[in-house]
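Only one structure is covered here, and it is reproduced in the block below.
The values are calculated or read from the model by the stated rules, or taken from the named source; none is laboratory data. The structure presented is a predicted model; accordingly, all values stated were derived computationally and were not measured. Glycine also receives a Cβ, built like all others from the backbone with ideal geometry; neighbour counts cover every protein chain displayed.
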Amino acid sequence: MSLLFEALRLRSLRLKNRVVVSPMCQHAANAGFATPWHMVHLGKFALGGAGLILTESTAVDSRGRIGTADLGLWRDEQVGPLKAIVDFVHQNGAAIGVQLAHAGRKAGSQPLWEGGAAIADADMRADAEPWARLGPSAIRAGPAWSEPEVLDEPGIASIVESFVAATRRADEAGFDVIELHFGHGYLVASFLSPHSNHRTDRWGGSLEGRMRLALEIASRVRQAWPAGKPLFCRLSAVDGSVDGWSLDDSVILSRALKRCGVDVIDCSSGGLTEETKALPVPRGLGFQVPFSERIRADAGIATQAVGMIVNAEQAEGILRAGQADLIAIGREALLDPYWAHHAAQTLGVDPEFAQWPVRHGIWLAKRAPGLARALDRT
Ligand SMILES: Cc1cc2nc3c(=O)[nH]c(=O)nc-3n(C[C@H](O)[C@H](O)[C@H](O)COP(=O)(O)O)c2cc1C
């Protein structure tokens, strides 16, 4: 029996398998509203057999968008187009989560195909939607980035409230999961790291102070999110900087997040920008799996492994070794949106195409024996 295709229950949610499509920014929204691009992009992963699909980073505040065309849940009107996608995904047998995020001092960057650089302040001011780079301290993300405005107490309180309001909207849209984006150098990650957070008040200083915003958001979101629905957090398990955020810190934070009612830690890394260029995490197959393994073992919480997990045997091996509970795939899903169905066939779980959308599977199953014979003859 395959573990990858064993169902997993998280609170009241039953995932049909352990394959998760990782959040991937599309830069295709219109003033934060989902467009037909998102329906096709996310919908195809439901047809492709994943158990859980996570949306791209979805801004809780227009000021905290990563890019101009990020998805958003900062207005009630943004719920409708997302609900249509959620409904389609549910009708096609998958669960769907929304990744809620605030980009903080890294707000305002171009899509990679336009260079990926920081957007100039003047261009940010010219945008129809309000925008601002915000941070714990007046430390820029890098030479090309403008200095962030330092958040004061009311500013921090308003960020927490925007996560709570987006949580209510996510529930209204019918999402099954919220993933809080606490990694990649965005707002919460910038509070965690001693490089970007030089505060001397209760939101900085000690590890406890730097973790306060993460724990406050997680607790408040947990209270606003139905008790039966799971809550995930994505962390940069290490930020890759010298004397920065460490794996030991992530274990301590994960234990505290668990106490706040977080169910799964999604174990990514890096992204604090300039500081992380000192010690980049080497990229090989499954390069972040050891982070997931350590957090799962030492914090006693379910984890999601991500990063260069490319084939069924590798994914199955990670689960069998107890290194993760869920397997997230990103770029491999772009290459093959039907990755989960192909993995099921590789692992011998679905030889008859029974898990495929019925409109497709029946034809593929009918063709299979004749195709095998034809290939034998060639
Ligand atoms: C096009 C693209 C967009 C991404 N956008 C996000 C995002 O919105 N939020 C996030 O946490 N990670 C984002 N990531 C990172 C992925 O979720 C994933 O962690 C990373 O690509 C490593 O997994 P992979 O090797 O399977 O692609 C993005 C990656 C890609 C390729």
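If you filter region 108-131 down to residues that are within 15 Å of the ligand (Cβ to nearest atom) and hydrophobic (A, V, I, L, M, F, W, C), you find that the one that is farthest from residue 185 (Cα to Cα) is 113. Go through region 67-118 residue by residue and tally those that are within 18 Å of residue 160 (Cα to Cα) and in a loop (DSSP other than H, G, I, E, B). Selection size over region 67-118: 6.
So, restricting to helices (runs of 4 or more DSSP H) that lie completely within region 289-378, which ones have at least 1 residues that are modelled with pLDDT of 95 or more and within 16 Å of the ligand (Cβ to nearest atom)?
On the way: elements: 289-299, 312-320, 331-335, 339-346, 358-377.
Per the criteria, 289-299, 312-320, 331-335, 339-346.
Got at least one residue in region 140-149 being surrounded by 24 or more Cβ atoms within 10 Å (Cβ to Cβ) and under 30 Å from residue 9 (Cα atoms)? Taking every residue of region 140-149 in turn, none turns out to be surrounded by 24 or more Cβ atoms within 10 Å (Cβ to Cβ) and under 30 Å from residue 9 (Cα atoms). Just so you know, in region 73-85 the residues that are surrounded by fewer than 24 Cβ atoms within 10 Å (Cβ to Cβ) and in contact with a strand residue (DSSP E or B) (Cβ under 7 Å, 6 or more places away or on another chain) include one that is farthest from residue 156 (Cα to Cα), and it is 81. Checked against (1) in a helix (DSSP H, G or I); (2) in contact with an Asp or Glu (Cβ under 6 Å, 6 or more places away or on another chain), residue 44 passes all but a single condition, namely (2).
The residue that is farthest from the ligand (Cβ to nearest atom), counting only those in region 54-85 that are under 18 Å from residue 217 (Cβ atoms) and of a type in the set (Lys, Arg), is 63.
Whether a residue is surrounded by 19 or more Cβ atoms within 10 Å (Cβ to Cβ), within 14 Å of the ligand (Cβ to nearest atom) and among the basic types (Lys, Arg) was assessed, and residue 234 passes this test. When residue 24 is tested against (1) under 18 Å from residue 179 (Cβ atoms); (2) within 16 Å of the ligand (Cβ to nearest atom); (3) out of contact with any Asp or Glu (no Cβ under 6 Å at 6 or more places or on another chain), exactly one condition is not met: (3). Among the candidates 243, 239, 266, the residue that is crowded, with 24+ Cβ neighbours inside 10 Å and farther than 16 Å from residue 297 by Cα is uniquely 239. Contact annotation: residue pairs with Cβ atoms under 7 Å, 6 or more positions apart or on different chains, pairing a residue in region 172-183 that is closer than 24 Å to residue 236 by Cα with a partner that is among the hydroxyl-bearing types (Ser, Thr, Tyr) and crowded, with 24+ Cβ neighbours inside 10 Å, are 178/167; 181/57; 183/236; 183/268.
Set side by side, the residues 57, 62 differ, and just one is within 17 Å of residue 159 (Cα to Cα) and surrounded by fewer than 24 Cβ atoms within 10 Å (Cβ to Cβ), which is 62. When region 157-185 is filtered for residues that are within 16 Å of the ligand (Cβ to nearest atom) and assigned to a helix (DSSP H, G or I), the ones remaining, listed by number, are 163, 166, 170.
Scan region 262-293 residue by residue and report those that are β-branched (Val, Ile, Thr) and in contact with a Leu (Cβ under 7 Å, 6 or more places away or on another chain). Answer for region 262-293, where residues must be β-branched (Val, Ile, Thr) and in contact with a Leu (Cβ under 7 Å, 6 or more places away or on another chain): 262, 264, 265. Residue 212 satisfies every condition listed in (1) away from the ligand (no atom under 16 Å from the Cβ); (2) crowded, with 24+ Cβ neighbours inside 10 Å; (3) charged (D, E, K, R) except (2).
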